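As structure tokens, the structure follows; a few thoughts come after it.
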Amino acid sequence: MRREGESWQVIVIGAGIAGASMAAELAALGARVLLLERETQPGYHTTGRSAALFTIAYGPPVIRALSRASRAAFAAPGDAQRPQLLLRQRGAAFIARTDQRCVLEIMADELGDAVARLSTDEARALMPLLRPGYLAGALIDRSAADIDVDALHRLYLRQLKSAGGALRCDAGVVALAREGAGWRVDVPGLSLRAEIVVNAAGAWADELASLAGVAPVGLVPKRRTALLVAPPDGVNPDGWPLAVDIEEKFYMKPDAGKLLLSPADETPSPPCDARPEELDVAIAIDRIQRAFGLPVRRIEHKWAGLRSFVADKCPVAGHAPDAPGFFWLAGQGGYGIQSAPAMARWAAAAALGLPPPADIADEGVSAAALAPERAALTV
Ligand SMILES: Cc1cc2nc3c(=O)[nH]c(=O)nc-3n(C[C@H](O)[C@H](O)[C@H](O)COP(=O)(O)OP(=O)(O)OC[C@H]3O[C@@H](n4cnc5c(N)ncnc54)[C@H](O)[C@@H]3O)c2cc1C
């Protein structure tokens, strides 16, 4: 028996970083917002499984623009709502072998002054485990930083609540249908109403759209694996930058006294509770040991998460052209944490029909670059 429930102005579906940040920004604009999450805890899926890096030197131009526009929101010390710093200086070094020199030059051109060149001696001083003879050149984004993802996520959930919004967990949307001028949103045992629904369902966003009879955007969830190992005895890696292969075939990042390794895999997967495959773990260790003298005696922890992309690898944020009041917020790929603050402000304004935030537009973000129509065209 399904009970009739409340009416909301906006119901946001999915309480990962995308849904939580947009719900908070909608509430800050005065909207009455309910955030729904299928799991018992928000952040259980991709948001809780990231490498937690912020770098303006990563991703397609629209992501780099959103990330630049997000930086101030991460930094804002002294704000009573942000008692702790959300970013901690790390640096990100893009490392190249001789056969990758050409890629290094292309990337140096494209990224301009977002990165600086490192000589091989400088790189070895920063990353002492680099094998002699491995490196031909490197670029560094010195401003790259570790993100306190959990603190950022909780901050948005607190902001939502203090602005009168609500979060409901164990509330997976099982039916979604147009009703009158708005939407009926069914969760187990309860029917809710909303003028606008936001699809922030992560890897499940296309599935959620099909539940509502809305055309998909061609989202492909891709599994990425990560593992934690101890550094060599007596070595403290805390001051090292993240080291990433210039063609993104692996990366290694200091993480609370350990080293986080990834083979930077991108294996297409149906939406699911992703698990690491032994082969990907072995590939990570093999690729990293070719570059670094890192003995691996034991894997302390391993996990996988889904990074979801549409064909052009840019996010999708905008009203569905085929369904009034259905707003997409999907396809954040491997950059959804670092771009969340600006993405959420942009999307909240767009969902309510307000002008885009000027500081984000000034960085080069446009509605056309994020439009669901452009993603759907390439399906
Ligand atoms: C290994 C790895 C490393 C990464 N590293 C970085 C990094 O360094 N920097 C960075 O910025 N990004 C990184 N990312 C990417 C980043 O984690 C994602 O872009 C971001 O977390 C996506 O957030 P989301 O809210 O869209 O998805 P999710 O966190 O997956 O949230 C979607 C939520 O929707 C819920 N949901 C789905 N269907 C329904 C339904 N029907 N009803 C109710 N709820 C539903 C799900 O339960 C889920 O909680 C990484 C990702 C991985 C896997």
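Might you let me know whether region 37-46 holds any residue that is under 25 Å from residue 114 (Cβ atoms) and of a type in the set (Phe, Trp, Tyr)? The answer is no; no qualifying residue exists.
Residues are listed down the side, and each one gets a yes or a no for (1) within 15 Å of the ligand (Cβ to nearest atom); (2) in a helix (DSSP H, G or I):
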residue: 294; (1), (2): no, no
residue: 314; (1), (2): yes, no
residue: 348; (1), (2): yes, yes
residue: 355; (1), (2): no, no
residue: 360; (1), (2): no, yes
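Taken over region 132-171, residues that are within 24 Å of the chain's Cα centre (by Cα) and either part of a strand (DSSP E or B) or more than 30 Å from residue 74 (Cα to Cα) (or both) amount to 9. Could you tell me whether residue 134 is open to solvent by 20 Å² or more (accessible area, probe 1.4 Å) and among the aromatic types (Phe, Trp, Tyr)? Yes; evaluated as a whole, the condition is true for this residue. Entry remark, region 218-247: residues being in contact with an Asp or Glu (Cβ under 9 Å, 6 or more places away or on another chain) and at positive phi number 1 in total.
Results for (1) in the same structural domain as residue 18 (by TED's automatic domain parsing); (2) open to solvent by 40 Å² or more (accessible area, probe 1.4 Å); (3) at pLDDT below 95; (4) touching a helix residue (DSSP H, G or I) at 6+ places or on another chain (Cβ under 6 Å), shown as yes or no for each residue.
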{"residue": "300", "(1), (2), (3), (4)": "no, yes, no, no"}
{"residue": "305", "(1), (2), (3), (4)": "no, no, no, yes"}
{"residue": "317", "(1), (2), (3), (4)": "yes, no, no, yes"}
{"residue": "320", "(1), (2), (3), (4)": "yes, no, no, yes"}
{"residue": "325", "(1), (2), (3), (4)": "yes, no, no, no"}
{"residue": "330", "(1), (2), (3), (4)": "yes, no, no, yes"}
{"residue": "334", "(1), (2), (3), (4)": "yes, no, no, no"}
{"residue": "337", "(1), (2), (3), (4)": "yes, no, no, yes"}
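Among the residues of region 220-263, the ones that are open to solvent by less than 10 Å² (accessible area, probe 1.4 Å), outside any strand (DSSP E or B) and either within 12 Å of residue 288 (Cα to Cα) or aromatic (Phe, Trp, Tyr) (or both) come to 2 in all. Restricting 158, 154, 184 to residues that are within 29 Å of residue 19 (Cβ to Cβ), among the basic types (Lys, Arg), open to solvent by 20 Å² or more (accessible area, probe 1.4 Å) and in contact (Cβ under 8 Å) with a residue 40 or more places away in the chain narrows the list to 158.
Could you please find all residues in region 78-131 being modelled with pLDDT of 95 or more, farther than 24 Å from residue 60 by Cα and not in a helix (DSSP H, G or I)? 119, 127, 128, 129, 130, 131 - these are the residues of region 78-131 that are modelled with pLDDT of 95 or more, farther than 24 Å from residue 60 by Cα and not in a helix (DSSP H, G or I).
May I ask you to say which residue of 114, 171, 163, 123 is touching a residue at least 40 places away in the same chain (Cβ under 8 Å), open to solvent by less than 60 Å² (accessible area, probe 1.4 Å) and outside the structural domain of residue 13 (by TED's automatic domain parsing)? Checking each option against the conditions leaves just 114.
The values are calculated or read from the model by the stated rules, or taken from the named source; none is laboratory data. Since the structure is predicted, the reported quantities are computational estimates derived from the model, not experimental observations. Glycine gets a Cβ as well: all are built from the backbone with ideal geometry, and neighbour counts include every protein chain shown. Side chains are part of the model used for accessible areas, which takes the heavy atoms of the whole protein and leaves out ligands, DNA and RNA. Shrake-Rupley method; radii C 1.70, N 1.55, O 1.52, S 1.80 Å.
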